[in-house]
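The values are calculated or read from the model by the stated rules, or taken from the named source; none is laboratory data. Keep in mind the model is a prediction, meaning the values are calculated, not measured. Cβ atoms come from the backbone with ideal geometry, glycine included; neighbour counts cover every protein chain shown. Note: areas computed on protein heavy atoms with side chains; ligands, DNA, RNA excluded. Shrake-Rupley method; radii C 1.70, N 1.55, O 1.52, S 1.80 Å.
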Amino acid sequence: MLLKNAVVLNDKFQLEKLDIKVSGDKIEDVGINLSGSEEIDLTGKKVIPGLIDIHIHGSNGSDACDGTPEALNTISEYLADHGITSFCATTMSLSIDKLNAIMKNIGDNAGSVKGARIVGINMEGPYFAKSKCGAQDPDVMHSPVVEEVEGLDKSANGMIKLIDLAPELDGSMDFIKKMSGGKYVLSTAHTSSDYNTAMEAYKNGASHATHLYNAMTGYTHREPGVVGAVFDSEMKPTAELICDGVHIHPAVIRTTFKILGDDRVVLISDAMSASGMPDGNYELGGSPVIVVDGAARTPGGALAGSTTNVYQCVKNCVSFGIPFESAVKAATANPARVIGRQDEIGSIAKGKRADLLVLDDDMNIEMVIIGGKRVK
């Protein structure tokens, strides 16, 4: 496959007129006036890297916590149709027995999904503060345990990438020290931590913040909270943003990009099974969720994930005033780097996987290529 005459978002995240030669599942070359067979003329089109969602629970009526191969495949195919080519299946605060079964299902079936690839697991819970439970079950929340995670990761065939936790819980700092710096990314999440505790967590090895602003202490002029620690830490943690227009005001999204820069923002959907579905009654982690006008909430009114997808978040960011290049980078190169897959996915460069999107001038997706194969 040879993609000709497109304006390509290159590996420096600058738009440039280039050709892309695909061989097998890899990008064989990127350059000017390339030759090859199966030419596709993309004059007037843009090509960007396939998007990566490292925090998504479900879509199209299915959830990763359903614990079935069919659910994973439904999510995978829905994401591929919407320009997401890789994702981390995200779990919830559930009993360890239930999580073991869910992890095993993901580990055993990740390689057989037909759309977007599963490139890891985001373990969102149960190591959270009950005061910041959000839509998750407070009854199963407890302090982090190294042996639990090691057992869960064994069930998952080593696929756990992110471990989300509240750093103020007993034993959290020791857990962070032991589990960070290797295969796991430790992320502050669902936490009532103050600024000093969050700063200590980042100093000790936490490097990420789960859905910044949501389910954590906010930023005020006397109590900077977890958000202030993300802004202020010399360790420069990355931070997730749900840019669905419901979870965070556009002005806050613009401000966050200005403070952190486009290297540290990671766009996520935090989507639940209602993504791609009509308004109505759903479940998230076994708890009831009501979707009205596209906003998912618990019966008590707490936000319960989203019904968006990362490509829509990219489009929203651009409409909010974020430069196109920065918005795409936050949904491709940045999440790839967070999970340690930057040498394989997240940008358009020779030798990387041929995960590509073709867009028209109005940012509509015209083509999706995953591993060198056109899926849309």
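Just a few scattered comments:
- Once the stretch 98-117 is narrowed to residues that are over 17 Å from residue 55 (Cα atoms) and among the aliphatic types (A, V, I, L, M), the residue that is most open to solvent (accessible area, probe 1.4 Å) is 101.
- Note on the stretch 271-317: residues that are open to solvent by 10 Å² or more (accessible area, probe 1.4 Å) and either farther than 17 Å from residue 75 by Cβ or among the charged types (D, E, K, R) (or both) total 22.
- Residue pairs meeting the criteria (Cβ under 7 Å; at least 6 apart or on separate chains; first free of Cβ contacts under 8 Å to residues at least 40 places away in the same chain and closer than 22 Å to residue 160 by Cβ, in the stretch 44-73; second among the small types (Gly, Ala, Ser) and open to solvent by 10 Å² or more (accessible area, probe 1.4 Å)): 67/101; 71/62
- Hits in the stretch 139-152 - residues which are open to solvent by 10 Å² or more (accessible area, probe 1.4 Å) and either farther than 26 Å from residue 107 by Cα or in contact with a strand residue (DSSP E or B) (Cβ under 7 Å, 6 or more places away or on another chain) (or both): 139, 144
- Of all residues in the stretch 80-97 being among the hydrophobic types (A, V, I, L, M, F, W, C) and open to solvent by less than 10 Å² (accessible area, probe 1.4 Å), the one that is farthest from residue 118 (Cα to Cα): 92
- Wholly within the stretch 298-376, helices (runs of 4 or more DSSP H) carrying at least 2 residues that are hydrophobic (A, V, I, L, M, F, W, C) and touching a helix residue (DSSP H, G or I) at 6+ places or on another chain (Cβ under 8 Å): 310-320, 324-329
- Qualifying residue in the stretch 24-46 (condition: within 30 Å of residue 210 (Cα to Cα) and out of contact with any helix residue (DSSP H, G or I) (no Cβ under 8 Å at 6 or more places or on another chain)): no
- Just one of the numbered conditions (1) surrounded by fewer than 23 Cβ atoms within 10 Å (Cβ to Cβ); (2) in a strand (DSSP E or B); (3) among the β-branched types (Val, Ile, Thr) is not true of residue 52: (1).
- Residues considered: 5, 33. Of these, the only one that is touching an Asp or Glu at 6+ places or on another chain (Cβ under 8 Å), without any contact (Cβ under 8 Å) to a residue 24 or more places away in the chain and surrounded by fewer than 23 Cβ atoms within 10 Å (Cβ to Cβ) is 33.
- Qualifying position, being open to solvent by less than 40 Å² (accessible area, probe 1.4 Å), over 22 Å from the mean Cα position of the chain (by Cα), more than 30 Å from residue 375 (Cβ to Cβ) and hydrophobic (A, V, I, L, M, F, W, C), among 169, 186, 165: 169
- Figure legend. Inter-residue proximity from the stretch 192-211: first residues in contact (Cβ under 8 Å) with a residue 60 or more places away in the chain, second residues in a helix (DSSP H, G or I) and surrounded by fewer than 19 Cβ atoms within 10 Å (Cβ to Cβ), beta-carbon distance below 6 Å, spacing 6+ or different chains. Indicated pairs: 192/131.
- For the stretch 79-103, the set of residues classified as closer than 24 Å to residue 308 by Cβ, of a type in the set (A, V, I, L, M) and part of a helix (DSSP H, G or I) consists of 79, 80, 102, listed by residue number.
- With respect to the conditions (1) open to solvent by 20 Å² or more (accessible area, probe 1.4 Å); (2) at pLDDT 95 or above, residue 268 falls short on a single one, namely (1).
- Taking the numbered list (1) in a loop (DSSP other than H, G, I, E, B); (2) open to solvent by 30 Å² or more (accessible area, probe 1.4 Å) in turn, residue 177 passes all entries but (1).
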